[in-house]
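Trainee: What follows is a single structure, and I will ask about it in a moment.
The values are calculated or read from the model by the stated rules, or taken from the named source; none is laboratory data. All values derive from a computational prediction rather than experimental measurement. Neighbour counts are summed over all protein chains in view; Cβ atoms, including those assigned to glycine, are modelled from backbone coordinates with ideal geometry.
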Amino acid sequence: MILDRLNPLRWLDSGADYDVRGKNVVITGAGQGIGRELAKVMYARGAAVAVLDIDESAARVTAAPFGGRGLAIRADVADRDDMAKAIAKVAEHFGRVDVVVANAGVVPAPSTVRMMDGDDFDRVISINLTGVFNTVRPALDSVVAVGGHVVVVSSCAAFAPGMGGSPYMVSKAAVEQFGRALRVELAASGASAGVAYFGVVDTAMTHDTLDNDDLGRELGATLPWPLNVRITPTQAATTIADGIARRAARTVAPAGWEPYALLRGLINVALDARLAADPAMHDFVNRLELRGR
């Protein structure tokens, strides 16, 4: 993929090619969006794919074309016991787990911290962050035994301002740190891990958050070019797949986010100060809080 080949930090990768042909791949949130497209790409590249999703019918639809190389499992990533059973079922069915992609995630309704319902905050953290741990942890013994690979899906939101959607940004920043720690820890065993970062991906979740909500559209409009460039779920999935193929430490798409990712320590200091002093942002926050009352 062009965006992937242009990544200036490919030298950070392990340098070892990783062919998924004949490997067994677990993907959460694979009933739709990026996860579903990644399942298709992994299957096309010769892998057997376990499609995990809280929507069992969606998981079955995704896995159906894969025949004997597909397995659909209804699983809730926020439920630790549920995920342990799901991973055990994959290992029993396919014999082992080689690759895990912790992709499942949700976004909260736009809200300020002051007006946010605590249950909404907890739900996002339980799926986006705790769900990553619940997915990865029970698979690690198998991944280590076979020198496999783990991908945790963070977001460019991990290093962008979080006004109006702080639980999502908080969860994705934490996932980034989880993935970084995991890569170092797994290196001693010959296994590897990477973090995937995406900007705006044209999924149903994006449409619900940024397109079908007046204040969401206004918030999305604050992103300047090239940060407002959207990619398709297929492009995002291919970025992950290409990263797996080279055991990438990190993948970022679209490419316009890469300079931001590299310079965020400097950019965010200035950006936060500008946004905090911006009357238009003050008005946006006030209207967001008014709607939340």
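Trainee: When you go through Ala187, Ala204 one by one, which is the residue that is surrounded by fewer than 24 Cβ atoms within 10 Å (Cβ to Cβ) and under 17 Å from Pro233 (Cβ atoms)?
Mentor: Details: Ala187 fails: under 17 Å from Pro233 (Cβ atoms).
Selected residue: Ala204, the only one of Ala187, Ala204 that is surrounded by fewer than 24 Cβ atoms within 10 Å (Cβ to Cβ) and under 17 Å from Pro233 (Cβ atoms).
Trainee: On the given criteria, is Gly216 farther than 21 Å from Glu258 by Cα, touching a helix residue (DSSP H, G or I) at 6+ places or on another chain (Cβ under 7 Å) and either modelled with pLDDT under 95 or surrounded by fewer than 13 Cβ atoms within 10 Å (Cβ to Cβ) (or both)?
Mentor: So Gly216 passes the test.
Trainee: Now a separate question. At pLDDT 95 or above and either more than 19 Å from the chain's Cα centre (by Cα) or buried (at least 20 other Cβ atoms within 10 Å of the Cβ) (or both), is that true of Ala16?
Mentor: Taking the combined requirement at face value, the residue does not satisfy it.
Conditions (1) crowded, with 19+ Cβ neighbours inside 10 Å; (2) of a type in the set (Gly, Ala, Ser), marked per residue:
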residue: Thr62; (1), (2): yes, no
residue: Pro65; (1), (2): no, no
residue: Val77; (1), (2): yes, no
residue: Ala84; (1), (2): no, yes
residue: Ala88; (1), (2): no, yes
residue: Ala104; (1), (2): yes, yes
residue: Ile127; (1), (2): yes, no
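Trainee: May I pose another question? Could you list, ordered by first residue, the pairs with Cβ atoms under 7 Å in which the first is in region 156-179 and on the phi < 0 side of the Ramachandran plot and the second is of a type in the set (Lys, Arg) and assigned to a helix (DSSP H, G or I), at least 6 apart or interchain?
Mentor: Cβ pairs passing all conditions: Ala157/Lys172; Ala158/Lys172; Phe159/Arg264.
Trainee: Tell me which residues, restricted to region 237-282, are under 20 Å from Arg180 (Cβ atoms) and small (Gly, Ala, Ser).
Mentor: Passing the criteria: Gly243, Ala248, Ala249, Ala253, Ala261, Gly265.
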